[in-house]
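Have a look at the structure below, then the notes.
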Amino acid sequence: MLQQVRAEIISGQSMPGTMYSVPTLAASLGVSTTPVREALLELTRSGLIEPMRNRGFKVVEPTLTELRNLFDLREVLELHAAAIVARKPKKNLDGLSRFADDIARAVRTEDIRLYLESDRCFHQLLTAAADNARLTEMVMGLRDQMRLYGIKSRAGLARQNESTAEHYQIIELAMAGKEEALTTLLRHHIRAWEPIFIEALSQAGIPREPIVANRSRGR
């Protein structure tokens with residue numbers, strides 16, 4: 001449930017101003033309201049939605065400035081984690097290949113949700129291999145705040161295809177302990193998405209500074 005709503009928001013399927021109603025969402029999923037509310041509160045802590053009194057939860061409007069700040073912080077923290085992993089004489093990266101395979105399958109089938117979930121799991125496992133729980137929490141918190149507008153565009157689909165091979169290369173470099181090559185590739189792996197997202201946000205008319213959202217639809 002949490003993964004589903006998060007994917008809808010970060011992929012742009014649920015646009016800024018979209019309202020999520022706990023009872024409505026619970027009914028559509030066939031579950032009680034308690035886990036739904038807990039999931040939406042978790043997304044509130046991630047900054048993706050905000051509670052609206054007696055209405056539900058509204059998808060927050062992002063800004064280009066916020067997006068750039070997220071990329072800056074992700075680069076610093078994720079490269080630091082990868083460098084630690086590369087320097088480790090013994091490292092547990094079991095599972096990365098499976099997620100890389102899932103990413104490749106998602107790209108072939110154009111399954112955006114599978115791509116997002118598999119990519120998240122891949123990078124969570126890679127970062128966790130640095131054995132710093134707080135660092136992993138910070139990195140994943142930043143990733144969960146990203147808005148991937150443009151991921152379904154021509155440029156976005158091409159970038160997904162390019163990233164498939166990069167995930168396998170990241171595994172090889174991490175296992176081989178090639179710190180410089182790993183961090184160089186990971187920097188590109190992160191930053192190559194930035195112009196795609198920014199272009200999509202600009203075309204959607206997303207402002208550089210926060211404003212009060214005036215779009216909504218029932219959910």
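The values are calculated or read from the model by the stated rules, or taken from the named source; none is laboratory data. Quantities reported herein were computed from a predicted structural model and do not represent experimental measurements. Ideal geometry is used to build each Cβ from the backbone, glycine not excepted, and the neighbour counts take in all protein chains shown.
The figures follow:
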{"item": "Breaking point among (1) modelled with pLDDT of 90 or more; (2) not in a helix (DSSP H, G or I), for Glu162", "result": "(2)"}
{"item": "Test for Phe71: is it aromatic (Phe, Trp, Tyr), in the same structural domain as Glu179 (by TED's automatic domain parsing) and crowded, with 21+ Cβ neighbours inside 10 Å", "result": "no"}
{"item": "Enumeration of residues in segment 165-182 that are in a helix (DSSP H, G or I) and surrounded by fewer than 19 Cβ atoms within 10 Å (Cβ to Cβ)", "result": "Ala165, Glu166, Tyr168, Gln169, Ile171, Glu172, Met175, Ala176, Glu179, Glu180, Ala181"}
{"item": "Residue list for segment 96-120, restricted to those being over 16 Å from Ala158 (Cα atoms) and hydrophobic (A, V, I, L, M, F, W, C)", "result": "Leu96, Phe99, Ala100, Leu114"}
{"item": "Any pair with Cβ under 8 angstrom, 6 or more apart, that starts in segment 177-204 at a residue that is on the phi > 0 side of the Ramachandran plot and ends at one that is surrounded by 16 or more Cβ atoms within 10 Å (Cβ to Cβ) and part of a helix (DSSP H, G or I)", "result": "Gly177/Ala86"}
{"item": "Filter result for Lys58 (touching a residue at least 40 places away in the same chain (Cβ under 8 Å) and either closer than 24 Å to Ala39 by Cβ or acidic (Asp, Glu) (or both))", "result": "yes"}
{"item": "Criterion violated by Asn69 - all others in (1) within 30 Å of Gly156 (Cβ to Cβ); (2) more than 15 Å from the chain's Cα centre (by Cα); (3) of a type in the set (S, T, N, Q) satisfied", "result": "(2)"}
{"item": "Any hit, segment 81-94, residues being in contact with a Lys or Arg (Cβ under 7 Å, 6 or more places away or on another chain) and either surrounded by 14 or more Cβ atoms within 10 Å (Cβ to Cβ) or at pLDDT 95 or above (or both)", "result": "yes"}
{"item": "Any chance Val107 is more than 25 Å from Ala174 (Cβ to Cβ), surrounded by 14 or more Cβ atoms within 10 Å (Cβ to Cβ) and under 17 Å from the mean Cα position of the chain (by Cα)", "result": "no"}
{"item": "Search result, residues across segment 185-199 that are farther than 18 Å from Ala130 by Cβ and either at pLDDT 90 or above or outside the structural domain of His80 (by TED's automatic domain parsing) (or both)", "result": "His188, Arg191, Ala192, Trp193, Glu194, Pro195, Ile196"}
